[in-house]
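The structure appears below as structure tokens.
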Amino acid sequence: MIPVVLGPPPTGFDGKVKKRGQAHLKRYPDRSPSQLTDYWNWEPCRLRLKEVFQERCGYLGLCTLDGQVDHFIAKAVDRDRAYDWDNFRWANSRVNLLKGRRAFLDPCSARDDWLSINPASLEFTVGAALPYPLWPAAENTIAVLNEIELLTARKSYVQPFCLENDWNLPALDVAFPLLARAIRALPAPPSPS
């Protein structure tokens, strides 16, 4: 997992997202989470998240073209956090959909050795340094990240980083740093399949 420092929200966030969202929650206390107005999709908010996460899904750790605002603590779990900047993460749309209400490892409090990736299979595994109390969240995270559609997409995603049967590690450092690090840790880096 690639740790991320969220930092401050974009200028104007309190007026455009937080206060409007809080007023919306008070006005419509019985609305389901899916019926909440998506003030979090205010363009400067989305762009700031995308920038902070370096255009990478916070959970997969790889660049994503279909990123979206994820509520780390799901709206269905705590609707009062629906408009809190510190509850937003940038996520691949499929990861966000599959995550749902599950407890997940948080890229904003994670260490980079909590999850690792197998360079041959591209499957995520729990890192040796993960604290034991976080194992249930890690298992949920890995179950989603290793879902067959995401795994298949990951395999397709990394193919352009193979140059003449060797890895383009400088490019992977930017697009998928967790994989680049795992390849460098091998005694003899495998060729991509």
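With the highest mean first, a sort of the peptides 151-158, 171-178 on other beta-carbon atoms found within 10 angstrom per residue produces 171-178, 151-158. Inter-label distance, ALA129 to ARG31: 4.2 nm, where each label sits 7 Å from its Cα along the C-beta direction. Across region 148-186, no residue has a backbone nitrogen under 18 Å from the label position 7 Å along the beta-carbon direction of ALA76. Counting only alpha carbon atoms, the long axis of helix 43-52 and the longest principal axis of the chain meet at about 30°. Counting lysine pairs in the chain whose alpha carbons fall under 21 angstrom apart, excluding pairs fewer than 8 residues apart on the same chain, gives 12.
When you count, for each residue, the other Cβ atoms within 10 Å and take the mean per peptide, how do 3-11, 53-61, 128-136 rank with the highest first? Numbers along the way, then the final one.
On the way: 3-11: 14.7, 53-61: 24.4, 128-136: 11.3.
For the peptides 3-11, 53-61, 128-136, the packing ranking is 53-61, 3-11, 128-136.
Based on the reciprocal of the average 1/r between different C-alpha atoms, the Kirkwood radius for region 91-166 equals 13.5 Å. Using C-alpha pairs below 8 Å separated by at least 6 residues, the relative contact order for region 2-150 is 24 percent. Here region 60-121 is assigned +1 on the Cβ of each Lys and Arg and -1 on the Cβ of each Asp and Glu. Its dipole about the Cα centre then comes out at about 280 debye.
Taking the Kirkwood radius as Rh and the Cα radius of gyration as Rg, the chain has a ratio of Rg/Rh equal to 1.01. With all protein chains kept in place, the per residue accessible area of region 17-123 amounts to 49 square angstrom at a probe of 1.4 angstrom.
Any idea what the relative contact order of region 71-193 is, in percent, if you count C-alpha pairs under 8 Å spaced at least 6 apart? Could the numbers behind the result be given before it?
Values: 116 pairs, mean separation 26.6, N = 123.
Relative contact order of region 71-193: 22 percent.
Ligands, DNA and RNA left out, the 1.4 Å accessible surface of the chain is 54% carbon and sulfur atoms.
The values are calculated or read from the model by the stated rules, or taken from the named source; none is laboratory data. Keep in mind it's a predicted model, so treat the numbers as computed, not measured. Note that each Cβ is placed from the backbone with ideal geometry, even for glycine, and that neighbours are counted across all protein chains shown. Ligands, DNA and RNA are excluded from the accessible area calculation, which covers all protein heavy atoms including side chains. Shrake-Rupley method; radii C 1.70, N 1.55, O 1.52, S 1.80 Å.
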